[in-house]
Amino acid sequence: MKSLFRPASLALTIAAVVTAGCANTGPSHYSSSQPATKISVVEHYADLAHAGYEDALITARVLDKATDRLIANPTEANMKAAKEAWLAARVPYQQTEVFRFGNAVVDDWEGQLNAWPLDEGLIDYVQADDYQYELGNAGATANIIGSKSVNVGGETLDVINLTPELLSGLNEIGGSEANVATGYHAIEFLLWGQDLQGFEPGNGERPATDYATGTDCTNGNCNRRGEYLDAVTDLLISDLEWMVAQWAPGASGNYRSQLVNANADEGVQKMLFGMGSLSLGELAGERMKVALEANSYEDEHDCFSDNTHNSHYYNGQGIQNVYTGTYRRVDGSLVSGPSLSDLVAQSNPELDARLNAQLDASMKALGLMKAKAESSRNPMPFDMMIAPGNAKGASVVNGAIMALVEQTGSIEQAARQLGLEALSPDDAGHSF
């Protein structure tokens with residue numbers, strides 16, 4: 001499922017921007033005896049992508065083992081461990097979303113892993129009196145786990161054997177993008193369950209006994225629920241393995257080889273397009289401004305777990321990673337190399353310093369959102385920030401939006417500085 005720009009919302013975002021002074025902490029340039037070139041920067045961009053997807057795979061494998069333990073022994077301790085593994089897996093993956101825009105190989109693949117929002121009644125039971133779903137979606141209450149077959153849009157499908165292949169084929173069944181059967185958010189729902197708290201504190205409260213056997217089983221179909229969770233996590237692993245291979249060095253027929261052997265200007269264009277598209281249209285617009293303007297917790301990204309503040313924060317970190325050519329891996333090691341920052345600084349050090357300062361400012365604003373959500377005293381997660389009448393919450397969200405919009409203007413200037421008149425690649429599926 002693709003999240004597209006919403007120009008009306010973006011116009012509101014841009015209109016809200018105010019000029020604010022930012023302390024310049026100074027860019028950190030790659031130290032090398034050779035100056036950065038467009039070719040070396042694109043090659044290192046591929047290194048960043050490979051490291052990010054490799055970390056996403058590493059943490060997904062930990063998640064897979066944790067969910068296997070939960071299915072085999074459904075205790076609250078094992079449920080808690082599986083949730084913690086899911087949260088940890090989101091950290092590297094969200095930093096890779098900057099590679100989605102401009103790289104069709106990622107954009108065409110991404111929906112199976114990160115599609116949202118989803119109508120969770122397609123997958124499992126929901127509390128009907130507090131269940132909001134896409135109007136007219138016949139799959140919104142299909143309940144695959146509780147059924148041997150589902151009928152959506154006049155098509156009846158056998159769902160007895162819950163395999164990864166079956167689940168991947170159910171995405172967007174009936175033509176609705178809200179019918180999401182796989183990926184991080186399907187797993188999130190299977191671990192947390194439906195969030196019935198609305199704008200109040202708290203997230204989903206699925207009991208571990210939803211995976212129990214015999215008389216201990218709650219809400220029925222516990223064996224089926226375990227089969228679904230097992231299949232969907234296995235699919236996540238295989239999908240990430242495929243993407244890691246696409247960016248792996250030393251292969252002759254993968255996406256990386258195509259990228260680094262193409263015109264270097266095209267690679268630089270993809271880098272800046274990815275930064276700007278995630279910064280403005282997706283993160284500032286689709287993921288924050290839309291939810292805030294509509295006061296809609298249904299538009300919250302990690303809505304079952306209330307982890308949205310982290311998804312936003314690490315999206316922002318991914319943008320900064322690409323510009324600075326740095327990425328902190330899950331094992332603590334630092335990947336660094338020739339960067340866009342190096343290229344811009346060669347011809348316009350003032351612009352480079354300004355953009356680095358703006359990236360720092362946006363991370364500070366997203367960090368404030370993260371800190372408010374994780375406060376030990378009166379935490380305010382994203383779904384509470386966007387509640388009607390919450391002026392303090394709206395101020396935090398708007399602060400992050402304005403910082404992202406401001407840095408996007410400098411990203412456009414950086415593109416022109418590097419000789420690019422247009423940022424939008426012809427294969428991205430998004431406009432910027």
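The test for being under 20 Å from Gly316 (Cβ atoms), open to solvent by less than 40 Å² (accessible area, probe 1.4 Å), small (Gly, Ala, Ser) and not in a loop (DSSP other than H, G, I, E, B) holds for Ala56.
If the condition is being of a type in the set (A, V, I, L, M, F, W, C), within 20 Å of Glu282 (Cα to Cα) and surrounded by fewer than 21 Cβ atoms within 10 Å (Cβ to Cβ), then region 370-395 contributes only Ala394.
Here's the yes/no breakdown for (1) open to solvent by 50 Å² or more (accessible area, probe 1.4 Å); (2) without any contact (Cβ under 8 Å) to a residue 60 or more places away in the chain:
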{"site": "Arg61", "(1), (2)": "yes, no"}
{"site": "Ala66", "(1), (2)": "no, yes"}
{"site": "Leu70", "(1), (2)": "no, no"}
{"site": "Lys83", "(1), (2)": "no, no"}
{"site": "Leu87", "(1), (2)": "yes, no"}
{"site": "Tyr93", "(1), (2)": "no, no"}
{"site": "Gly111", "(1), (2)": "no, no"}
{"site": "Leu122", "(1), (2)": "no, yes"}
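Considering region 353-381 alone, what residues qualify as being assigned to a loop (DSSP other than H, G, I, E, B) and acidic (Asp, Glu)? Listed by number, the list holds a single entry, Glu374.
The condition of being under 24 Å from Leu63 (Cβ atoms) and outside any helix (DSSP H, G or I) holds for only one of Leu167, Leu190, Leu162, Leu229, that being Leu162. Return the pair list, or none, for Cβ contacts closer than 6 Å from residues in region 221-242 that are at positive phi to residues that are at pLDDT 95 or above and β-branched (Val, Ile, Thr), at least 6 apart or on different chains. Listed pairs, sorted by first residue: Asn221/Ile145.
Of the helices (runs of 4 or more DSSP H) that lie entirely inside region 261-352, those containing 1 or more residues that are modelled with pLDDT under 95 and open to solvent by less than 30 Å² (accessible area, probe 1.4 Å) span 290-294, 308-324. Tell me, please, whether a residue that is open to solvent by less than 10 Å² (accessible area, probe 1.4 Å) and charged (D, E, K, R) can be found in region 126-137. Checked against the condition, which is being open to solvent by less than 10 Å² (accessible area, probe 1.4 Å) and charged (D, E, K, R), region 126-137 yields no hits at all.
Which one is nearest to the chain's Cα centre (by Cα) among residues in region 201-221 that are in a loop (DSSP other than H, G, I, E, B) and among the small types (Gly, Ala, Ser)?
Applying the filter and picking the extreme gives Gly204.
Only residues in region 388-402 that are among the β-branched types (Val, Ile, Thr) and at pLDDT 95 or above count as the first member; pair them with residues that are in a helix (DSSP H, G or I) and open to solvent by 70 Å² or more (accessible area, probe 1.4 Å), Cβ under 7 angstrom, at least 6 apart or cross-chain, and list the lot. Cβ pairs passing all conditions: Val396/Leu368; Val396/Lys372. Counting only residues that are in contact with a helix residue (DSSP H, G or I) (Cβ under 9 Å, 6 or more places away or on another chain) and in a strand (DSSP E or B), which one in region 129-159 is farthest from His185 (Cα to Cα)? By that ranking, first place goes to Glu155. Checked against the criterion of being among the polar types (S, T, N, Q) and closer than 26 Å to Asp383 by Cβ, region 228-251 contains one or more residues that satisfy it. Cβ separations smaller than 6 Å between residues 6+ apart or across chains give the following pairs from region 135-163 residues that are touching a residue at least 40 places away in the same chain (Cβ under 8 Å) and under 21 Å from Asn221 (Cα atoms) to residues that are crowded, with 20+ Cβ neighbours inside 10 Å and among the basic types (Lys, Arg): Ile145/Arg225.
Would you please list the contacts, defined by Cβ atoms under 7 Å and residues six or more apart or on different chains, that run from a residue in region 332-348 that is under 12 Å from Gly419 (Cβ atoms) to a residue that is of a type in the set (Gly, Ala, Ser)? These pairs meet every condition: Leu343/Ala36; Val344/Ala414.
The test for being among the aliphatic types (A, V, I, L, M), open to solvent by less than 20 Å² (accessible area, probe 1.4 Å) and at pLDDT below 95 does not hold for Ile187.
Mind checking which residues of region 247-260 are assigned to a helix (DSSP H, G or I) and in contact with a His (Cβ under 9 Å, 6 or more places away or on another chain)? So that I can check it myself, show each step before the final result.
First, the residues of region 247-260 that are assigned to a helix (DSSP H, G or I): 247, 255-260.
Result: Trp247, Arg256.
Does at least one position in region 403-412 carry a residue that is in contact (Cβ under 8 Å) with a residue 40 or more places away in the chain and within 23 Å of Asn263 (Cα to Cα)?
First, the residues of region 403-412 that are in contact (Cβ under 8 Å) with a residue 40 or more places away in the chain: 403-408, 410-412.
From the residues that got through so far, the ones that are within 23 Å of Asn263 (Cα to Cα) too are 411-412.
Yes: region 403-412 contains one or more residues that are in contact (Cβ under 8 Å) with a residue 40 or more places away in the chain and within 23 Å of Asn263 (Cα to Cα).
The values are calculated or read from the model by the stated rules, or taken from the named source; none is laboratory data. Because the structure is a prediction, the values reported are computed rather than measured. Every residue, glycine among them, receives a Cβ derived from its backbone with ideal geometry; neighbour counts consider all protein chains shown. Surface areas here come from the heavy atoms of the whole protein model, side chains and all, with no ligands, DNA or RNA. Shrake-Rupley method; radii C 1.70, N 1.55, O 1.52, S 1.80 Å.
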